[in-house]
Amino acid sequence: MAVKTQKKASSIDMTAMCDVAFLLLTFFILTATAKIPEALPVDTPQSTVQTKLPETDLATLTIGKGKVFFDLKGREVRKRTLELMGQKYGVEFTDDEKAKFSLMEGIGVPIGSLKQLIAMKTADRSKAGQPGVPKDSLDNQLKEWVYNARIANNEYNNSIGSSQELQIAIKGDAKEEYPAIKKVMDILQDQKINSFSLVTGLRGKNF
């Protein structure tokens with residue numbers, strides 16, 4: 001008479017797998033960089049052209065809701081631009097304020113209110129209700145930001161042996177009326193800046 005042996009259900013020890021998964025999760029959490037919210041979120045027009053903006057030597061003018069925000073790449077260039085703007089408008093910025101400003105995203109306040117914006121926490125700046133950089137004929141601070149950013153960018157590049165000029169990108173909301181965009185273009189053209197990029201969103205091609 002044959003004796004049947006009872007098969008035992010095999011089990012797999014998942015302890016090692018859990019340890020690996022936990023280590024990977026910890027690694028990604030510690031190395032991830034939190035995305036800073038945009039100072040002025042805009043819905044850009046769609047395009048099929050894929051051209052990447054440069055990581056350096058770039059100033060971005062974001063236009064939306066009747067406001068203009070100014071952003072600039074490069075910590076040292078941002079610091080020097082702030083110094084030049086302070087000299088222009090008689091506002092003295094401390095080294096700590098310059099360091100904080102060098103890490104900020106786009107700004108949209110008059111130069112007289114910039115100290116208060118710098119003093120805020122990062123999360124609070126996006127909720128601060130920034131009115132935009134003044135661009136009227138009697139108080140055209142946007143023109144001065146662009147002008148001084150170009151000077152600062154040239155000074156920095158000359159110090160490292162580069163001749164790269166500051167490039168300008170316009171990031172406009174798709175719903176923004178043309179006169180608002182044209183006004184910013186006119187400010188650039190008054191400074192002989194006739195070449196600039198228009199930031200768009202990627203749209204799938206129709207075949």
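The values are calculated or read from the model by the stated rules, or taken from the named source; none is laboratory data. In this text, all values refer to a predicted model and were calculated from it rather than measured experimentally. In this analysis, Cβ positions are derived from the backbone assuming ideal geometry, glycine residues included, and neighbour counts consider all displayed protein chains.
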Reported set for the stretch 178-207 where residues are assigned to a loop (DSSP other than H, G, I, E, B) and either surrounded by 11 or more Cβ atoms within 10 Å (Cβ to Cβ) or modelled with pLDDT of 85 or more (or both) is 191, 192, 193, 194, 195, 196, 199, 200, 203
Of the residues in the stretch 96-146, those that are surrounded by 12 or more Cβ atoms within 10 Å (Cβ to Cβ), farther than 29 Å from residue 186 by Cβ and among the acidic types (Asp, Glu) come to 97
Considering the stretch 90-122, residues that are in contact (Cβ under 8 Å) with a residue 40 or more places away in the chain and of a type outside the set (Val, Ile, Thr), and then whichever is nearest to residue 60 (Cα to Cα), we arrive at 106
Of (1) crowded, with 18+ Cβ neighbours inside 10 Å; (2) under 21 Å from residue 155 (Cβ atoms); (3) among the hydrophobic types (A, V, I, L, M, F, W, C), residue 91 satisfies every one except (1)
Here, helices (runs of 4 or more DSSP H) confined to the stretch 1-113 with at least 1 residues that are modelled with pLDDT under 70 and either over 19 Å from residue 168 (Cα atoms) or in contact with a strand residue (DSSP E or B) (Cβ under 8 Å, 6 or more places away or on another chain) (or both) are 15-31
Among residues of the stretch 166-184 being under 20 Å from the mean Cα position of the chain (by Cα) and of a type in the set (A, V, I, L, M, F, W, C), the residue farthest from residue 64 (Cα to Cα) is 166
